[in-house]
Structure formats: structure tokens, C-alpha cells
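Below you'll find the structure, written out as C-alpha cells, and then a few comments.
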Amino acid sequence: MEIVFEKQSEVRGKLSITLQPEDYLSELDKELKKIASKAHIKGFRPGKTPVAVVKNLYGNEILGDTVLKLFSQNVDKYLRENDIHFLGEPIAPENYDFPRFNVRFPETYSFQVEMALVPPFELKTEGIEAISYKITLSEEEKNKEFEAFLERQASIKEAQKVESENDFVMGNCTFNLESTEVEAESQTEPTTITRYALFLVSKLKKEAQEQFMGLEKGSEIEIYPFQVFENEEDTKENIFGTKEEDFTLLKDKKAKFQVERISRREKPELTESYFKQVFPNEEISDENAFKERILQNIVSDINIHAINFAKEKLKEDFIKQNTFEVDIEFLLRYLTQAKRVSEAEIKEIKQKPQEFLKGVHWEVLSNELIKKYNVEVTFEEVKQDYINGVIARVRQMGLNTGDDAWMYEFAFKQFKGLNKSQIDAIYTNIAREKAIDRLYEELPKTEKETSLKEFDEILKRGINA
């Protein structure tokens, strides 16, 4: 066997492997015997098919599989042992003719693969700023955040009468369109269209709000459903089944709206039992102490968010500081040939290559950081990360049953269904997060004290600002 590596440029290499018959014939013989011992071929008992028969029937295919397997194994071994860093996977050169295999005439086979190389570089952190934000809240912001917390904790309860702009009113809107001549026992019948609608009173125009106030469950009023909302988006979102043509057909049409259900968001009562429900292991007896404790959590969450933003900015600056040349032409050919992305995604990469290149750089740089810091990830961390993510998504969907044991079991069953590549992806993401955490800890910090309002503006400008 002969293996030759040629560095065509700093970013592209070619590997050639030549296999002589003595390199693969013993493996071919083993494979033929293995298949013969399991083959079910007409005229022979299971497992008793002669090797010569298997060779005659399937020899060319088995030879091809054997040779290509040896080729692939030796490519991987050579690249690993010679510490050759590359992007994506090695692929055959363009317009490459693969050899044809004939088991009757063993011969020498030569193969070539090309790869996108990672050029030599050293990690640099000089001049990179790691920011430590300290967020302070004004009294007005504290009150606003506390009220927002209570809104999130609000429960939905049935009501008999619309009394607040925060009430939800649901029911059917029935439109009577112009009469259409329908032959049915010489009668003319009106055409009707029904749309189910949800009206949050606060989203309605002022005159519509006044019309809805005082409505009771089961009552009926006449309204113009496509005119009561402030904007078209709210109309589409809250009149279910709305089609584009409805805005032409029904915009100026009056409908009978029958109130089927009235719901109201009610904030929790600030009682000792509620304080105990939120903080079961703490003794909180009055509203001021409860508010202060909630604000501690809110400020803590805001500062965690600020740290995560600072790490994302650090990651962006770190990539800019450590850019290297990338053979994007080869990578696009690899992605196309391996069918890793769709044609539309290839087109998007060509239109916006910078985002793609940033991802390529981070993949390489994060791997270097993982090695530098000897980052380790346990299987338990992978499992818990996935389960926590599933539980968080369930809660975001409003499906929280309050039964933590049930949700854990539900998430764990999903985790057990993951394949190796999915597990590896979670492992890699955790390792990369740990690597950027270590880099953030290592660098000197620039402290920035800012108000919540100012920090919101920073978030809007983004990490590149």
C-alpha cells in the first residue's frame, strides 16, 4: 500500500492511496466466507452455500465494498496519525472516474480524495474586551418588572360579564351576505359565512371597546368584525380561518356576534399562602418583603442574561481576531456532493457567505479552545441539558401540568429515542459553551454599569454594535 499526501495550497490538500492485490485479497476472502456462512441461496441449505458460488454471484460487489472500506479506513488513519486538520470531509476530485471491480482479475487500485485544509494559526486574545455588565433598576423599572411578574402568574378564569379591557370574549361571527338565488322549493335563501373570533378588549378600537363593555355570556350584538381591530395583523390573528379574500369580501360586512365565552386574567392575591407557594422554603409575611424577594430573582435573571450577551459579544470578537483563509469553493462542492444542505441553502450561502464563514471559523476555533482548556462533558450533563430543554419548551407552550415527575419522565423518554449523532451534537454544544465560559473567565473584565433601559438599547443594537 502506498499513501501520498500533497499540499496543493494552504487551504487544500490531496491524498492518493494505491492498494495492491496483497493489501485486500485476505480481507476479500474473509468477507466471502462470512457471507457464504449466512447466505440463503436457492439449491443450498442456509449457511452451506459454497464460497465459489457466492464469489461467482456477488464477487464484484463484495470486492468493491472490501476495497472501498480499506481505502476509507486508511484515509482516516493517515489523517489522524499525521495530525492533518481539515473542514468537512474528504471527497473525490471533480470528474473523477472510480475504478471498476472484477473479482476474477485482481489488480492494483488507485484512489484520490481532496480536502479543505485548516491553515496553521495561533489563538490570539490580545485586544479582546470581556465586558462585565452591572444592571441597575430605577424604582419605576422595579415596579414595572414586578407588575410584569404578576401578569405572568395570572390565571385564566371564566367570567359572566365583560368588565375589564383585559377580558377575552369568544364566539361566532355570522355574516349574512347578499341573497343568492337558490332553487329550493321556490324559496330564496341567504348565504351565510361563520368565523370563530377571539376579542381581547384592550386590542379593539375605542368605540368597539365601549360596545363590548357590559356584554354577558350568551348575549348577541351586531358588529363589523373586520373593522374593530387597530390593525390587519390582529384581525388575521384573532378571527380564525381568515383568508386574504375575506378582507375584500367581509371588510365592510356587518355580522351577528354571539358571546360564547368570557375569560379574564386574574393576578394572584398577595397573601401569605401565595408567598409560601412561590418560596416554599422561606418565611415571607408581607407584600414588601415578597416584592423585594421577587426583584432579587428578576435582577439575578437580568444579570445572567447580561453575562450571556457579553459572552456572545466575546465570541464574535474572538472570531474576528482569529480569522483564517477558508476554501469556500471546495466546501460548497462538499456540501452539494454530500447533500448536507438544500439547493436553496447553497444559494443563500453564496449570497451571504460571511454568516457561513463565521460558523466555519467558530467550529474550528471552539475545538481549539476545548483542547486548550481540556474541556470535559459527562453523559449525565448531556442527558440533563436535553431534559431541561424539553421541560422548558413544554412550559413555554403552556402545557405545564404542575407535575414535575410527569414532565421529567416525558422528557427522558424522548432522550432515550435520540440517535448517536443527536447525542454528539448536544455534547459538542455543551463543550463549546464551556469553552467560551473558560475564555470569558480568563480574560480581564471591563465593568460597565448601566440601567435596564440602556441595556435594552444595547441588546437592540446587537453584538456587532
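The values are calculated or read from the model by the stated rules, or taken from the named source; none is laboratory data. Note that the structure is a prediction, hence the values are computed from the model and not measured. Virtual Cβ from ideal backbone geometry, glycine too; neighbours counted across all protein chains shown.
So how many residues does the range 70-82 have that are in contact (Cβ under 8 Å) with a residue 12 or more places away in the chain and surrounded by fewer than 11 Cβ atoms within 10 Å (Cβ to Cβ)?
1
Please indicate, with yes or no, whether at least one residue in the range 144-159 is closer than 30 Å to Pro21 by Cα and either free of Cβ contacts under 8 Å to residues at least 60 places away in the same chain or surrounded by 15 or more Cβ atoms within 10 Å (Cβ to Cβ) (or both).
Within the range 144-159 (the criterion being closer than 30 Å to Pro21 by Cα and either free of Cβ contacts under 8 Å to residues at least 60 places away in the same chain or surrounded by 15 or more Cβ atoms within 10 Å (Cβ to Cβ) (or both)), the answer is no, since none of the residues qualifies.
State which residue pairs qualify: first residue touching a residue at least 12 places away in the same chain (Cβ under 8 Å) and inside the range 440-455, second residue assigned to a strand (DSSP E or B) and of a type in the set (S, T, N, Q) in any location, beta carbons under 8 Å apart, and separation of 6 or more residues or different chains.
Lys445/Ser132; Thr446/Ser132; Glu447/Ser132; Lys448/Ser132; Glu449/Thr136; Thr450/Thr136; Ser451/Thr136; Leu452/Thr136
Among the residues of the range 93-107, write down those that are closer than 30 Å to Glu363 by Cα and out of contact with any strand residue (DSSP E or B) (no Cβ under 6 Å at 6 or more places or on another chain).
Scanning the range 93-107 gives Glu94, Asn95, Tyr96.
Does Tyr440 meet the test of being surrounded by 11 or more Cβ atoms within 10 Å (Cβ to Cβ), over 18 Å from Val377 (Cα atoms) and within 27 Å of the chain's Cα centre (by Cα)?
yes
Would you point out which residue out of Asp385, Asp317 is surrounded by 13 or more Cβ atoms within 10 Å (Cβ to Cβ), over 23 Å from the mean Cα position of the chain (by Cα) and assigned to a helix (DSSP H, G or I)?
None of the others qualify; the one that does is Asp317.
Does Ile391 fit the bill of being within 16 Å of the chain's Cα centre (by Cα), modelled with pLDDT under 85, under 30 Å from Glu441 (Cβ atoms) and in a helix (DSSP H, G or I)?
So Ile391 fits the description; yes.
If you go through the range 279-297, how many residues are assigned to a loop (DSSP other than H, G, I, E, B) and not aromatic (Phe, Trp, Tyr)?
Matching residues across the range 279-297 total 7.
Can you tell me which residues in the range 83-107 are under 21 Å from Glu6 (Cα atoms) and either surrounded by 12 or more Cβ atoms within 10 Å (Cβ to Cβ) or not assigned by TED's automatic domain parsing to the domain that holds Leu25 (or both)?
Listed by number, the residues that qualify are Ile84, His85, Phe86, Leu87, Gly88, Glu89, Pro90, Ile91, Ala92.
Answer yes or no as to whether Gln211 is loosely packed, with under 14 Cβ neighbours inside 10 Å and in a helix (DSSP H, G or I).
When the stated conditions are applied, Gln211 does not pass them.
Return the only residue of Glu89, Glu31 being out of contact with any strand residue (DSSP E or B) (no Cβ under 6 Å at 6 or more places or on another chain), charged (D, E, K, R) and more than 25 Å from Gly13 (Cα to Cα).
The unique qualifying residue is Glu31.
Six or more apart or on different chains, Cβ under 7 Å: which pairs go from a residue in the range 37-55 that's outside any loop (DSSP other than H, G, I, E, B) to one that's not hydrophobic (A, V, I, L, M, F, W, C)? Could you list them?
Val51/Lys33
How many residues does the range 128-155 contain that are part of a strand (DSSP E or B) and either of a type in the set (Ser, Thr, Tyr) or within 24 Å of Lys291 (Cβ to Cβ) (or both)?
6
Condition check ((1) surrounded by 12 or more Cβ atoms within 10 Å (Cβ to Cβ); (2) of a type in the set (D, E, K, R); (3) modelled with pLDDT of 95 or more) across all residues:
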position: Cys173; (1), (2), (3): yes, no, no
position: Glu178; (1), (2), (3): no, yes, no
position: Ser186; (1), (2), (3): no, no, no
position: Tyr196; (1), (2), (3): yes, no, no
position: Tyr224; (1), (2), (3): yes, no, no
position: Val228; (1), (2), (3): yes, no, no
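May I ask you to list the residues in the range 69-86 that are touching a strand residue (DSSP E or B) at 6+ places or on another chain (Cβ under 8 Å) and assigned to a helix (DSSP H, G or I)?
Leu70, Phe71, Asn74, Val75, Tyr78, Leu79 - these are the residues of the range 69-86 that are touching a strand residue (DSSP E or B) at 6+ places or on another chain (Cβ under 8 Å) and assigned to a helix (DSSP H, G or I).
If you check every pair at least six apart or on different chains, which have Cβ atoms under 8 Å apart with a residue in the range 6-22 that is within 11 Å of Ser110 (Cα to Cα) first and a residue that is outside any strand (DSSP E or B) and among the β-branched types (Val, Ile, Thr) second?
If the second residue must be outside any strand (DSSP E or B) and among the β-branched types (Val, Ile, Thr), the pairs left are Leu15/Val75; Ile17/Val75; Thr18/Thr108; Leu19/Val67; Leu19/Thr108; Gln20/Thr108.
How many of the residues in the range 261-290 are closer than 30 Å to Phe199 by Cα and either touching a helix residue (DSSP H, G or I) at 6+ places or on another chain (Cβ under 7 Å) or surrounded by 11 or more Cβ atoms within 10 Å (Cβ to Cβ) (or both)?
Adding up the residues that qualify gives 9.
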